[in-house]
1. Taking only the range 256-300 into account, find how many residues are outside any helix (DSSP H, G or I) and farther than 25 Å from residue 349 by Cβ.
2. Which of the residues that make up the range 239-263 are farther than 17 Å from residue 325 by Cβ, under 37 Å from the mean Cα position of the chain (by Cα) and at pLDDT 95 or above?
3. Between 250, 308, 319, which is small (Gly, Ala, Ser), touching a strand residue (DSSP E or B) at 6+ places or on another chain (Cβ under 9 Å) and over 25 Å from residue 349 (Cβ atoms)?
4. If a residue must be farther than 19 Å from residue 429 by Cβ, of a type in the set (D, E, K, R) and within 16 Å of the ligand (Cβ to nearest atom), how many such residues does the range 304-340 contain?
5. Applying the selection to the range 4-28, what residues are over 16 Å from residue 47 (Cβ atoms) and touching a helix residue (DSSP H, G or I) at 6+ places or on another chain (Cβ under 7 Å)?
6. What are the residues in the range 264-288 that are of a type in the set (A, V, I, L, M, F, W, C) and under 45 Å from the mean Cα position of the chain (by Cα), if any?
7. Inspect the range 343-350 for any residue being in the same structural domain as residue 437 (by TED's automatic domain parsing), basic (Lys, Arg), assigned to a strand (DSSP E or B) and within 14 Å of the ligand (Cβ to nearest atom) and give the result as yes or no.
8. Which ones in the range 313-342 are part of a loop (DSSP other than H, G, I, E, B) and basic (Lys, Arg)?
Amino acid sequence: MAEKAILGFLQNNEEITDSGLFSAEFNLDHDEVVNVIKSLHGFRFIDVQDIKKETWVLTDEGKEYAAEGSPEVQLFLAVPEEGSISKDELEKKLAPSVFSIGCSQAGKRRWVQMGRQVSRRVQNVEDKVKDQLLQIQEGKEVDNDSTSSLKARKLIIKETWTGYSVKKGPNYAPERKEVATDLTRENLQNWKELEFKEYNFNAKGAPLQAGHLHALLKVRKQFKDIFVQMGFEEMPTNNFVESSFWNFDALFQPQQHPARDSHDTFFLKAPSTTRTLPEDYVERVKRVHESGGYGSRGYTYDWKREEANTNLLRTHTTAVSSRMLYALAQKPFVPKKYFSIDRVFRNEAVDRTHLAEFHQIEGLICDRGLTLGDLIGVLKDFFSRLGMSKLQFKPAYNPYTEPSMEIFSYHEGIGKWVEIGNSGMFRPEMLLPMGLPEDVRVIAWGLSLERPTMILYGINNIRDLFGHKVDLDLIKRNPICRIGI
Ligand code: PHE
């Protein structure tokens, strides 16, 4: 309908000056006319230009009064021609808002005498408000004073109306043939008779329902690349379940240590204990805990095998480091640089910054004669590759390292020193029972993967990043990770 009307009109006329007037004249729905104009324009049948007009339209309240009459007139009509009506009685006859607005408007206009009894002061009234509203509804104009009064009463609001002026376009034809849009077998067979829709090279493709890499994976990849560039080998971290022996005892962590409590560590119900441990090494570990050796006094307590056998979810990847160093000590010594990035578990209350499982990044270097200076140097090199070149170290305590240092980095974004990791030199009480040569030193450090990821991606609730509440949109939107410079 509308398409025929438009193309037909342009056959004999230069221009449709206003799609609104055109619709009114031909009794067409303007929205439909606009749709057809857009489609014809897409095929360049027509050229169009926007017309924007400010118009007044009725609000819901305005529409109600246009149909039912203004509240003041409704109220006036509810008052008897002769005599009076009690205010309570009158209130019952009208809707609450009509009553209250009607009272004030009819009172102001001196149409009624308001008191406990209400009576008419004039014989007849005209409903100008209703008339004006009806006029506006029909698209006619009313005088300025009335417009501002209706606007003040929130019966009308301004709206921008968009229409078009239309002229013939380069592909104009009095009629539009259905064009083929698909390369189907039938369409290809009839290609000579058909007109094909032109390609729209500017159309945006539908977003791909492809997989997205999680932010933690992207940051992990960056860390992994840095380790690999520095010549580190990755340690196998594919065992979340670990025995207390490798997680704690081998690291010279005493059996009474609070971290070995079920408040801090998840212990396994089944299988609750490990089946195999290297027996002669276990013996040396027991001895160093109980009575020391290698220049140490030990912890002087009764070391219990059952305690070492208990299975747990590893609380740090240093458990992996202890296994790897033990394995290294079983062969003629070669220096090694190892790293790992994987999951660890701690029985912690979950909040904005803590989860019961997270990822640990761990690096270690094992060589003859290493010093604390080497550790500081390696840490500076490692963190500078992350774009963190201002570092400070604070003495700390770990059962398995001496000396131990917390690592702080100056965060330019928040203008503060933030703790980024923990480090140290593994104690002789840990290394010598393994069988490593006496002059071999191991420098090591650890940090969480979540913390730098949250800083890099500006995420302040860890639950948006990891776990069952993870924000999938955030995963889809977040850009490629770029650490450092
Ligand atoms: N295992 C330590 C932690 O869980 C990190 C660390 C690794 C500290 C290596 C020193 C040396 O925080």
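The values are calculated or read from the model by the stated rules, or taken from the named source; none is laboratory data. All values derive from a computational prediction rather than experimental measurement. Glycine gets a Cβ as well: all are built from the backbone with ideal geometry, and neighbour counts include every protein chain shown.
1. The number of residues fulfilling the criteria is 17.
2. 240, 241
3. Exactly one of 250, 308, 319 is small (Gly, Ala, Ser), touching a strand residue (DSSP E or B) at 6+ places or on another chain (Cβ under 9 Å) and over 25 Å from residue 349 (Cβ atoms), namely 308.
4. Final tally of qualifying residues: 3.
5. Correct list: 20, 23, 26, 28.
6. Initial filter on the range 264-288 (of a type in the set (A, V, I, L, M, F, W, C)): 266-268, 270, 277, 282, 285, 288.
Within the range 264-288, 266, 267, 268, 270 qualify.
7. Checked against the condition, which is being in the same structural domain as residue 437 (by TED's automatic domain parsing), basic (Lys, Arg), assigned to a strand (DSSP E or B) and within 14 Å of the ligand (Cβ to nearest atom), the range 343-350 yields at least one hit.
8. If the condition is that a residue be part of a loop (DSSP other than H, G, I, E, B) and basic (Lys, Arg), then 314, 331 are the ones that fit.
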